[in-house]
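Participant: Take this structure, written in structure tokens, and hold onto it; I'll ask about it next.
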Amino acid sequence: VPTLLITGANRGIGLELTRLYAADGWTIHACCRYPDKAAALKALDGEILLHRLDVTDGLRVASFARELSGERIDLLINNAGIYGPRTGFGETDYDEWLSVLKTNTLAPLRMAERFADHVVRSDRKCIAMISSIMGSVGSNSSGGAYIYRSSKAALNAVSKSLSVDLAERGITVVMFHPGWVQTDMGGSGADIDAETSAAGIHGVLGRVTTQDNGHFFNYDGTKLPW
Ligand SMILES: NC(=O)c1ccc[n+]([C@@H]2O[C@H](COP(=O)([O-])OP(=O)(O)OC[C@H]3O[C@@H](n4cnc5c(N)ncnc54)[C@H](OP(=O)(O)O)[C@@H]3O)[C@@H](O)[C@H]2O)c1
């Protein structure tokens, strides 16, 4: 039975991805900051093991990796993310910027560094990053969103390097834009619901091969510009 390790599994896109892999019969290490409050996650059927994990807590990530040492992780999905303050030019909060970078950029690399050995041991050997089209420099025509955009652009740069560095160990690293999704982050006016987004990502991940290493996908499988 394949194993998924996913962050931010308690709501939004992470919750829907967890639901889909649980329905597939996978074993899931579902991580969230506050398991006590994760009612929707706890209500899911399947082989779901809950873990308390704030992805910015480096010591906790390291101890969690040790707890799972010797286990196989077929798929690591770095999903946890924050938008940060919605401020415009002239209003930038630099401390908040650093905390967004810690969550969206530093934490996914730390997870990959700590769990690469677990992934290498598995059959599928895949790491997926839930990034955003907002991190695409080539498609930025609306400006603003300095904090969120830079955190996801940097995540893409980090993930591309990871894909190169881990290729020799047989690991495939892919990035996703999940769509503009009706979640707490995306708001109710977004284009698609979390079920549609997760189903798309789940479908693409089911077809991923080593040929896709280092690619940036939309949730529907089309390739996106850097
Ligand atoms: N929604 C969109 O339109 C959209 C578009 C592009 C990209 N994305 C990306 O998709 C991913 C999921 O977003 P979403 O729309 O599902 O957002 P969401 O509903 O706001 O959920 C965010 C998830 O991330 C978790 N999280 C935040 N900081 C964390 C931390 N330090 N440690 C552990 N977990 C943490 C949250 O946990 P808590 O419940 O504890 O806060 C929650 O589970 C994010 O990376 C986001 O940037 C979303």
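Participant: Within region 22-60, can you find the residues that are away from the ligand (no atom under 15 Å from the Cβ), open to solvent by less than 70 Å² (accessible area, probe 1.4 Å) and assigned to a loop (DSSP other than H, G, I, E, B)?
Facilitator: Matches in region 22-60: G25, W26, G46.
Participant: With the requirement that a residue be open to solvent by 60 Å² or more (accessible area, probe 1.4 Å) and within 14 Å of the ligand (Cβ to nearest atom), what does region 72-89 give you?
Facilitator: Scanning region 72-89 gives a single hit, R86.
For (1) within 16 Å of the ligand (Cβ to nearest atom); (2) within 24 Å of L53 (Cα to Cα); (3) of a type outside the set (A, V, I, L, M), each residue gets a yes or a no:
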| residue | (1), (2), (3) |
| --- | --- |
| M111 | yes, yes, no |
| A116 | no, yes, no |
| S122 | no, yes, yes |
| S131 | yes, yes, yes |
| I147 | yes, yes, no |
| E168 | no, no, yes |
| I192 | yes, no, no |
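Participant: Would you please list the contacts, defined by Cβ atoms under 9 Å and residues six or more apart or on different chains, that run from a residue in region 1-19 that is within 6 Å of the ligand (Cβ to nearest atom) to a residue that is outside any helix (DSSP H, G or I) and of a type in the set (D, E)?
Facilitator: R11/D184; G12/D184
Participant: Is it true that some residue in region 206-223 is more than 10 Å from the ligand (Cβ to nearest atom) and modelled with pLDDT under 95?
Facilitator: Looking through region 206-223, none of the residues is more than 10 Å from the ligand (Cβ to nearest atom) and modelled with pLDDT under 95.
Participant: Filter region 49-64 down to the residues that are more than 24 Å from R11 (Cβ to Cβ) and hydrophobic (A, V, I, L, M, F, W, C) and list them by number.
Facilitator: L59, A62
Participant: Let me ask something else about it. Only one residue in A116, A107 is farther than 18 Å from R33 by Cα and either among the hydrophobic types (A, V, I, L, M, F, W, C) or buried (at least 18 other Cβ atoms within 10 Å of the Cβ) (or both). Which one?
Facilitator: Going through A116, A107 in turn, the sole match is A116.
Participant: Please find, among S99, S69, S63, the residue that is within 16 Å of the ligand (Cβ to nearest atom) and more than 21 Å from I130 (Cα to Cα). If you could, list the steps in order and put the result at the bottom.
Facilitator: Values: S99 fails: more than 21 Å from I130 (Cα to Cα); S69 fails: within 16 Å of the ligand (Cβ to nearest atom).
Step by step, each of S99, S69, S63 is checked, and only S63 is within 16 Å of the ligand (Cβ to nearest atom) and more than 21 Å from I130 (Cα to Cα).
Participant: Residue check: is T27 modelled with pLDDT of 95 or more, out of contact with any strand residue (DSSP E or B) (no Cβ under 6 Å at 6 or more places or on another chain) and of a type in the set (S, T, N, Q)?
Facilitator: no
Participant: For region 162-183, which residues satisfy the criterion of being surrounded by fewer than 22 Cβ atoms within 10 Å (Cβ to Cβ) and either at positive phi or more than 16 Å from the chain's Cα centre (by Cα) (or both)?
Facilitator: V164, D165, L166, A167, E168, R169, G170, Q182
The values are calculated or read from the model by the stated rules, or taken from the named source; none is laboratory data. Computed from a predicted model, the values in this text were never measured in an experiment. A quick note on method: Cβ atoms are made from the backbone with ideal geometry, for glycine too, and the neighbour counts reach across all protein chains shown. What goes into the accessible areas is simple: the full protein's heavy atoms, side chains included, and nothing from ligands, DNA or RNA. Shrake-Rupley method; radii C 1.70, N 1.55, O 1.52, S 1.80 Å.
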